[in-house]
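Novice: Here it is, the structure, as structure tokens.
Rule-based calculations on the coordinates, nothing more; no lab input. Worth saying up front: this structure is predicted, and the values here are computed from it rather than measured. Note that each Cβ is placed from the backbone with ideal geometry, even for glycine, and that neighbours are counted across all protein chains shown.
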Amino acid sequence: MRFNRVFAFANFTLVAWLYPHAPGGGNGIIPKGAWCWNGGSILDIGDTGSGAIRLETSAVDGDNGSIITPGDTMEVKQWQFVAASVTRNKDSFIYVDGKEVAAKVVKDNDLSQEYPLLMGCLSNCQKAPGGFFNVSISQVALFSGVALFSGVALFSGVALGKKDIDNIMEVGMENIMAVSPASKLSLTWGALKTK
């Protein structure tokens, strides 16, 4: 799947329900990049303190802005709803269970790179998985580009606001879609054929 051109300069929001079985220590949650200052973004836990969540973005060879929560933000052995909402060159946020826990400006540098989108681990600089996190993950969505990738919904749009994030947390992904994807297939195909 290629969505680098869409993701490269886009605003985006990542949401997921997480159940950490251990506090984490620099483990990946949902990255599209690596710890190599090579472009992309990494949502990880524990690298900056036990239970701290970090959304790190990097341009090639440099920091692009990282949002870091206080230590002990994530609790072990309980479900928590995590959202990272990034609007380039403006305050961007991490929410846990609907509460804002961190904010910082994320620059608008190019984040494109050829690393895979992963869950529960990180890529190393050679693109091999590592940094595995003992976590259960449910209802993951990345709002940015237009594609569907093995259970991860990628929708067209901008960074979601708190009201939209709270709605996803309260009613779930399957309930925010006005029409089920299966019944919408013929309409979508018809729209694509006309373009």
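Novice: How charged is the neighbourhood of residue 48? Take every other residue with its Cβ under 13 Å from the Cβ of residue 48, and add Lys/Arg as +1 and Asp/Glu as -1.
Specialist: Around residue 48, the surrounding residues sum to -2.
Novice: Roughly speaking, what is the stretch gain from residue 127 to residue 162, that is 0.36 nm per residue apart minus the C-alpha to C-alpha distance, in nm to one decimal?
Specialist: 9.3 nm
Novice: Ordered by residue, what ³J(HN,Hα) values in Hz, to whole numbers, does segment 10-22 give under the Karplus form 6.51 cos²θ - 1.76 cosθ + 1.60, where θ = phi - 60° and Gly and Pro are x?
Specialist: 7, 6, 8, 9, 10, 10, 6, 8, 10, 10, x, 8, 8
Novice: How far, in nm, would the chain grow between residue 100 and residue 21 when pulled straight, counting 0.36 nm per residue and subtracting the alpha carbon separation?
Specialist: 26.1 nm
Novice: While we're looking at this one, here's another question. Once amide H atoms are placed 1.01 Å from N in the peptide plane, what residues at a sequence separation of 5 or more from residue 108, or on another chain, have their amide H within under 5 Å of its amide H?
Specialist: HN-HN under 5 Å from residue 108: 89.
Novice: Now, a different point. Using a/c under 1.5 as the rounded threshold, could you call segment 81-143 rounded, prolate or oblate? The axes a ≥ b ≥ c are square roots of the C-alpha gyration tensor eigenvalues, and prolate needs a/b larger than b/c, oblate otherwise.
Specialist: Oblate, because a/c is 1.5 or more while a/b does not exceed b/c.
Novice: Give, as a single signed number, the net charge of other residues whose beta carbon lies under 15 Å from the beta carbon of residue 24, with Lys and Arg counted +1 and Asp and Glu -1.
Specialist: -3
Novice: Contour minus end-to-end for residue 138 and residue 60, with contour as 0.36 nm per residue of separation and end-to-end as the Cα-Cα distance?
Specialist: 25.0 nm
Novice: Further question on the same structure: Please list, in order along segment 69-80, the HN-Hα scalar couplings obtained from phi with the Karplus expression 6.51 cos²θ - 1.76 cosθ + 1.60 (θ = phi - 60°), rounded to whole Hz, x for Gly and Pro.
Specialist: Couplings: 8, x, x, 6, 5, 8, 9, 7, 6, 7, 6, 9 Hz.
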